[in-house]
Every structure is written in structure tokens, then in C-alpha cells.
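Read-outs throughout are calculated quantities, based only on the coordinates presented, and are distinct from any laboratory measurement. Owing to the predicted nature of the structure, the values given are computational and were not obtained by experimental measurement. Cβ placement follows ideal geometry from the backbone for every residue including glycine, while neighbour counts extend to all protein chains displayed.
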Amino acid sequence: MTQSNITIEDIPATTQGQVAKLVKFQGQLDESNVDEKAKIIYALIEQVPQNLYLLFDFEELEYMNSKSIGYLTDWYGKITEGHGKIVIAKSKNNILDILQVVGLTQLINCYTTTDEAKFALLQPSTPA
Amino acid sequence: MPNDSFTLYILSGILAFIPALIWLTVIFKKTKRKGIQTLIFLGSIFSVVPVFILHYLLREYPQFDVLRLLSSNIRDATIISIFTYISVGIVEEIVKQLLIRGVDHKYLLIQTINESLQFSLISALGFSFAENIFYIYSIYINYGIKQLFIAYLFRSIFTTCAHLVFSGFLGYYYGIAKFSLNIVEQNKWLGKKQRLTNFISRVFGMSKTQSYKELTILKGLGIAIVLHATYDFLLELNQTLLVVIFIIISAAVLLHLLKQRSGKLILITDIDTQKTSSMAQKDEQVVIELLGMWFQDKKYVDVIHICQRLLQRDPDNKVVQLFKAKAGDKIQDESAYGKILKNIFPKKDQKKLDDLAKEKPETLPIVPIQATQAKATVATTQKTLTPTENKPAEPTAPTPEEQVFKLKI
């Protein structure tokens with residue numbers, strides 16, 4: 001099985017009611033481990049079904065297979081349904097490339113630093 | 001008398017040319033390469049020659065007539081008829097296709113699946129035109145002008161159409177076989193098992209592409225022969241109405257195949273002019289794998305959009321072009337009868353990426369978290385991105401003369 005690790009840390013929220021987490025991905029997500037690792041995120045979404053704000057740190061994520069991209073799309077759908085948000089930080093160029101071609105960068109903003117991503121995650125959006 | 005025969009043949013030729021010209025006009029409306037197709041038509045007129053040579057040889061050397069040998073051992077006239085029509089179908093379908101294959105092999109004539117189908121139609125038309133000359137002549141000589149009129153009408157419309165349909169199917173599958181490299185790769189990404197292809201590949205020691213190619217050509221030939229034999233058999237039973245319905249349905253299926261977007265793709269790749277991808281191969285394969293998954297999940301709109309973005313990075317990727325075309329065909333198929341079906345069997349809508357993008361929240365209402373006891377759900381990627389007064393006449397084995405001159409192909 002390919003090595004992969006997911007760690008979750010709390011991020012201090014700026015608005016009451018928000019639950020913000022930093023999710024750090026390490027290694028490679030492929031056929032051998034993606035289903036098992038995806039359960040961690042699904043468990044988190046189930047635990048916090050509303051106002052969940054996730055910052056995905058992809059700095060140490062070397063590879064994502066097609067299934068993991070499918071999961072990412074599904075997580076986005078579930079979290080936004082619960083009025084939450086996802087952002088991505090420090091993604092490697094190849095993964096950013098894949099996300100751009102798939103169209104996920106239109107849904108999930110990607111940032112080069114964790115601070116930028118945190119700021120964007122916790123900042124309330126301006127009303128339409 | 002030779003002069004009269006010659007004049008009759010000329011007249012037969014003129015009569016046979018009228019429906020051929022009408023059919024050519026209909027086919028040419030949909031095609032671009034009219035010059036080469038005219039040459040194919042003229043060349044295919046001579047494709048009847050091997051058929052007549054075969055008939056002549058079997059008459060002169062009956063000891064090699066396998067059909068006669070079989071007939072002498074089989075009593076059931078129906079089975080003999082079926083064998084006859086299958087053998088006629090095999091010979092005629094192969095000779096109709098020979099010219100196309102020969103020219104394509106030498107000059108890379110065929111660039112798309114549709115072109116293979118269209119060239120096959122033209123070839124069939126030439127064959128039918130030549131065959132009609134002999135039929136018109138012999139029917140006039142043997143049965144007179146009254147019988148000729150009905151036979152002429154029937155052969156001009158239905159028999160010619162039948163020739164086009166049978167060859168069209170063979171041409172379509174020949175086109176797919178020709179571009180089997182791209183299609184086999186697409187099938188791989190779609191997760192199709194291709195067990196028979198793999199089996200043939202192992203048994204005969206050939207590549208999967210070659211195995212798929214041979215199987216597809218055989219499939220096309222098999223379909224053409226079965227259709228051909230069915231047509232002849234129904235005619236033998238004097239089931240004219242059934243014959244007409246049969247031809248109309250077969251033609252409708254062929255027209256549907258002709259309208260497929262994937263059929264219009266230029267799948268020939270000129271390596272010298274092919275642009276390289278601006279995306280790393282490993283990353284591109286991840287995206288193509290995702291295309292396969294989402295195609296199976298029927299997310300056709302998402303597939304098309306991803307293909308559009310990917311083709312900006314790798315414009316000459318034929319597999320991606322195929323995915324885009326096939327997704328477009330699926331959407332088109334769905335829009336017609338799919339809407340009707342959805343009203344009868346309403347389904348929970350799968351959210352598309354575009355819908356999610358539109359729903360991207362502009363405001364973030366703060367809702368107090370309420371303790372919930374939702375059940376654990378783990379999403380799994382779906383594997384799917386499917387008388388006795390009207391009793392028909394008893395069939396009799398055709399005589400050698402009747403084999404040539406009966407009102408059938």
C-alpha cells in the first residue's frame with residue numbers, strides 16, 4: 001500500500017458558529033489507500049455537518065489519482081450544502097494543473113501560502 | 001442477335017443508371033470528397049465481375065460446388081435456402097468491400113469512421129448498378145416488359161437500398177476497426193473488460209489493437225451477411241411487406257450511426273504535425289481516467305467541459321476527442337427520448353460541476369450548529385462517470401439459373 005497520511009488540526013475561528021480545520025495531506029493518494037483515507041474526511045463532515053471550514057494543505061501531497069479527485073468534488077458538494085467552505089493551500093504544480101483541467105479551481109480557491117488560505121477561509125464573503 | 005442483345009444491354013444500363021444517379025445525389029449531399037467517391041463508384045461497377053466468374057466456374061466445375069454437395073445431403077429445403085443465401089451474402093459483401101480496402105490500404109483513403117461508411121455505400125451502389133443491368137436484361141428477355149416494370153421499381157428502390165444498408169454496416173465496422181488503437185485505449189479508460197479481444201490476442205499472439213481490429217471487421221461482416229441472408233430469405237417467402245419494414249428499420253439504424261459525432265472525428269494522426277501535450281503524461285492520464293469514470297457515471301456535461309479544457313493543452317489527443325464526441329452523442333440521445341423517459345421514471349438529479357460552480361455561496365449565513373445523529377455515510381465512487389390461410393409459401397431450393405435471376409440480391 002502506498003504511504004499516505006492525513007492530519008487534522010483546529011484553526012481558531014473568527015466568527016461564532018464556524019468550525020475551521022487544517023487538513024494536511026502527505027504522500028500519495030492512489031487506488032491502494034484513497035478509499036480508506038477518504039473515510040477520515042467523511043467522518044469529519046459527518047461530525048460537523050454545518051459551517052465546516054476546511055483548509056486542505058497539499059504541500060506534501062505528491063500525487064492524486066482520479067478517484068481522489070472525485071472524492072474532492074463530493075466533499076465540496078457536501079460542505080457547501082452545509083454552508084461551509086473549502087480552500088486549498090500550497091498545492092504542487094502538477095496537482096494544480098489537474099485541478100485546473102478538471103475545473104475544480106473554479107469551485108475551490110487555491111492559494112500559495114497557508115496564511116493567505118486561512119485568511120480567505122475565515123473571511124466572511126461579501127453579500128451579493 | 002448480337003446487335004439486339006447489345007442494344008438491350010445499353011438500354012438496361014440506362015435504366016439501371018437512373019436509380020443509381022438518384023441514390024448518388026442523395027449520398028453526395030452529405031459528403032465532401034465527391035471526386036474520389038465518383039471514382040470509387042466507377043471502380044466498384046466491376047466488383048460484380050468476381051461474382052459472375054464464381055457463378056460461371058461453379059457451373060463449369062460442379063464438383064467444387066460445396067452448396068450442391070450440401071444440398072444433396074440435406075433434405076430440408078429451408079436449410080438449403082439459408083445456406084445459399086449466407087454463401088451469396090458472404091461473397092457479395094466481401095467483393096463490395098474489396099475495392100475500398102484496397103484503395104484505403106494504398107492511399108489512406110479513409111480518415112473518419114463516417115468516411116468508411118460513405119465509401120462503402122458508394123461501392124455498394126456501383127455493385128448494385130452493375131447487377132441491375134444484368135437483372136433488367138434477363139427479366140425482360142425471360143418475362144417480358146410487364147414483369148420488368150414491377151421488378152425494376154422494386155430493385156431500384158428496395159434492393160439497391162438493401163445493398164447500401166448491408167455494405168454500410170460493414171463499412172461502419174471497418175471504420176471502427178481502422179481506428180482501433182484509439183478506441184481500444186478509450187475502452188480501457190472506460191473500464192471495459194474486452195475479454196474476447198484479450199482471449200484472441202493471447203491465443204493468436206497478436207496485440208490487443210490487432211485483435212480488436214480483426215474481431216470488429218468480423219463483426220461487421222457477420223452483421224452484413226445476416227442482414228443480407230435475412231433479406232433474401234424473406235423475399236423467398238414472398239414476405240414483401242416484412243422486407244420493406246426490415247429495410248426501413250435497418251436504414252434508420254444506419255442513419256443514426258452516420259449522425260454520431262465520433263464518426264466525424266479525423267482519427268488519422270500525422271506524427272510529423274502532431275502537437276505535443278503541454279501537460280505531463282502522468283497527470284494527463286489521471287484526468288483521462290477521471291473522464292472514463294464520469295462517463296460511466298453519465299456526467300456527460302462535465303466530461304465535455306473537461307475534454308474542452310484538456311484539448312486546449314493537448315489538441316491532438318484522439319482519445320480525449322473521442323470522449324468529447326461520445327459524451328455529446330449521449331446527451332443528444334438523452335435529449336430526445338430521455339426527456340420522455342424522465343417524465344415517466346423521474347430520477348434524483350446528479351449535480352454537475354457547473355451547477356456546483358453556480359451555487360458557490362456569495363454569502364455565508366451563520367447557522368448555530370445543532371447536534372445531529374446523522375448516520376455515517378462513506379461515499380464510494382460509482383463505477384457506472386445499462387394460418388392457416390395466410391401461411392407463407394414453403395421455400396424451395398433455387399435452381400442454378402434462379403440463383404442468378406431471382407428478384408433478390
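At full extension, B:THR38 and B:HIS105 could sit 22.3 nm farther apart than now, given 0.36 nm per residue minus the alpha carbon distance.
Against the main long axis of the alpha-carbon atoms of chain A, helix A:34-47 sits at an angle near 20°. Does the stretch B:193-262 classify as rounded, prolate or oblate by the C-alpha gyration tensor (a ≥ b ≥ c root eigenvalues; a/c under 1.5 gives rounded; else a/b over b/c gives prolate, otherwise oblate)? Oblate, since a/c reaches 1.5 and b/c is not below a/b.
Note on B:LEU21 and B:GLN274: their simple-model spin labels are 4.6 nm apart, each label 7 Å out from Cα toward Cβ. Put in line by how crowded their Cβ is, counting other Cβ atoms within 10 Å and starting with the fewest, B:ARG313, B:ARG155 read B:ARG313, B:ARG155. In this simple spin-label approximation, A:GLU31 and B:ALA252 carry label points 7 Å from Cα along the Cα→Cβ vector, and these lie 4.2 nm apart.
B:ALA77 to B:THR7: FRET efficiency via 1/(1 + (r/R0)^6), r the Cβ-Cβ distance, R0 41 Å, to the nearest 0.05? Efficiency at R0 = 41 Å is approximately 0.60.
Arranged from fewest to most other beta-carbon atoms within 10 Å of their beta carbon, B:THR197, B:THR209 become B:THR209, B:THR197. In this structure, the residue pairs whose Cα-Cα separation is over 22 Å, taken from A:LYS92/B:LYS282; A:LYS21/A:LYS90; B:LYS34/B:LYS259; B:LYS188/B:LYS259; A:LYS37/A:LYS85; A:LYS67/B:LYS299, are B:LYS188/B:LYS259. Taking Cα atoms only, the orientation of helix A:93-102 departs from the longest principal axis of chain A by about 70 degrees. Which FRET efficiency value, to the nearest 0.05, is calculated for B:GLN147 and B:LEU196 with the Förster distance at 51 angstrom and r the Cβ-Cβ distance? Once rounded, the FRET efficiency stands at 0.60. Each Lys or Arg adds one and each Asp or Glu subtracts one; over the other residues with Cβ under 12 Å from the Cβ of A:MET1, this totals -3.
Among B:ILE100, B:ILE145, which comes first, then next, by fewest other beta-carbon atoms within 10 Å? Before the final figure, lay out the partial values.
Values: B:ILE100 26, B:ILE145 9.
Ordered from fewest to most neighbouring Cβ atoms within 10 Å, B:ILE100, B:ILE145 come out as B:ILE145, B:ILE100.
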